[in-house]
Amino acid sequence: LAAVAMEPARREWALRRTRSIIRANLPRLEEWIGTHERVLTYIRPQAGAIAYVTYRLPITSSKLIDLIREEQSVLLVPGEMFGLGKGFRIGFGNDIEKTLKGLARSWAGPGWTRSSAPSRHDATLTETSSPGLGVGTLGRP
């Protein structure tokens, strides 16, 4: 299958398609990241449709991603899986609307990650567990 995909005509078609997707989707992802600049940073990918985003929160990436997955049913890949620490991987080569909807849902649940608007949680984050809140929890000061 790989040999067929690498035939010159197919290879050029696949590369054009991939470049088109990246050119359309990356600015949309960057816009979302920019709306959370107080918490999130990233370096623009040199190639491919995967971005690595770092964050400034007092929680490990595994605990943060578990919390997002459990509370919002959104799957991201924690930086600890790559030995990178406080960050997560986002793929943006698929349906960008679904990706952005999931990201918006994940960042809308935990109030400590939002750049504005009140939520059902306080803004203080602790790394203790609490019934109903998953691995990382939001606690009252």
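The values are calculated or read from the model by the stated rules, or taken from the named source; none is laboratory data. What you see is a predicted model, and the numbers here were worked out from it, not measured in a lab. Cβ atoms come from the backbone with ideal geometry, glycine included; neighbour counts cover every protein chain shown.
Just to be sure, is Thr35 among the β-branched types (Val, Ile, Thr), modelled with pLDDT of 90 or more, surrounded by 11 or more Cβ atoms within 10 Å (Cβ to Cβ) and touching a strand residue (DSSP E or B) at 6+ places or on another chain (Cβ under 8 Å)? No. With respect to Arg69, is the statement that it is among the basic types (Lys, Arg) and either within 18 Å of Leu100 (Cβ to Cβ) or loosely packed, with under 11 Cβ neighbours inside 10 Å (or both) true? Taking the combined requirement at face value, the residue satisfies it. When the range 48-87 is filtered for residues that are modelled with pLDDT under 90 and among the polar types (S, T, N, Q), the ones remaining, listed by number, are Gln72, Ser73.
Residues that are without any contact (Cβ under 8 Å) to a residue 24 or more places away in the chain and among the aliphatic types (A, V, I, L, M): which helices (runs of 4 or more DSSP H) entirely in the range 1-100 hold 2 or more of them?
Values: elements: 2-5, 8-34, 61-72.
Fully inside the range 1-100 and qualifying: 2-5, 8-34.
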